[in-house]
Amino acid sequence: MPKPSVTLIPGTSKPEMPAAPMQPPRPPTPVYTPPAQPPTVQKGVSPTSQTIPARKPIVAKPSSEPAVNLTAPWGKLIFSDSKAVLLTGERALVGRSDHDIGGINPEVDLSGIEGADTTSRIHATIEHIGSNYTITDLNSTNSTRINGKRLEPDKATPVNDGDKLSFGKVTCTFKKV
């Protein structure tokens, strides 16, 4: 099989590419500087003798701190026997305390209230999210109701100040604090 050969011819060269046109230098990127606030002027006082208050820098909360004060009450449940339970934290579990099975200790323990035998150990949760309040039935045996209307299990439902809540046969009124 014949091998290809390359023949160089003297005096020929590659054509040169024209040089790229020179571009003018770019101006520096502008930096945003917030406008200075004019000083507050008090009547009858010369502006030169007034002091301008220093601005306080905005400081972010460390991520290790909770966004909500977990001890501040945001609501309460008032039962028919006039017993009231304060709701704190972001969420409150409603149910019956049970030391025999895994030590269940809900924040709202209904075990001492008449009709508690109709409530589940883990019955519902009441949550405080911003300025909204919701209640979620946790697939309880005898349902959760708001103003007599049965809740769909595992679906957060808005609750308002003054609503009547029923956990089985135990009833109470929700109040914002």
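Condition check ((1) of a type outside the set (D, E, K, R); (2) crowded, with 16+ Cβ neighbours inside 10 Å; (3) touching a Leu at 6+ places or on another chain (Cβ under 6 Å)) across all residues:
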site	(1), (2), (3)
S120	yes, yes, no
N132	yes, no, no
T144	yes, yes, yes
P158	yes, no, no
>> Consider region 143-161. How many of its residues are among the small types (G, A, S) and over 25 Å from the mean Cα position of the chain (by Cα)?
In response: 2
>> I'm trying to understand the selection: among the residues of region 143-155, which are part of a loop (DSSP other than H, G, I, E, B) and either in contact with a Cys (Cβ under 9 Å, 6 or more places away or on another chain) or farther than 17 Å from L77 by Cα (or both)?
In response: S143, L151, E152, P153, D154, K155
>> Take K61 and tell me if it is exposed (fewer than 10 other Cβ atoms within 10 Å of the Cβ), in a loop (DSSP other than H, G, I, E, B) and at pLDDT below 70.
In response: yes
> Just wondering, is there one or more residues in region 95-107 that are under 20 Å from N160 (Cβ atoms), modelled with pLDDT of 90 or more and not charged (D, E, K, R)?
Replying inline: no
> So which residues in region 86-108 are surrounded by fewer than 18 Cβ atoms within 10 Å (Cβ to Cβ) and either in contact (Cβ under 8 Å) with a residue 60 or more places away in the chain or under 13 Å from V170 (Cα atoms) (or both)?
Replying inline: L86
> Looking at region 73-121, which of its residues are of a type in the set (D, E) and farther than 20 Å from T157 by Cβ?
Replying inline: D81, D98, D100, D109, E114, D117
> Would you say S111 is touching a residue at least 12 places away in the same chain (Cβ under 8 Å), surrounded by fewer than 18 Cβ atoms within 10 Å (Cβ to Cβ), in a loop (DSSP other than H, G, I, E, B) and of a type in the set (G, A, S)?
Replying inline: yes
> Out of (1) touching a His at 6+ places or on another chain (Cβ under 9 Å); (2) closer than 12 Å to T125 by Cβ, what's the single condition that is false for T157?
Replying inline: (1)
> Only one of S140, S166 is over 24 Å from the mean Cα position of the chain (by Cα), surrounded by 16 or more Cβ atoms within 10 Å (Cβ to Cβ) and in a loop (DSSP other than H, G, I, E, B); which?
Replying inline: S140
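The values are calculated or read from the model by the stated rules, or taken from the named source; none is laboratory data. Treat the numbers as computed from the prediction; the structure is a model and nothing was measured. Please note: Cβ atoms are built from the backbone with ideal geometry, for glycine as well, and neighbour counts cover all protein chains shown.
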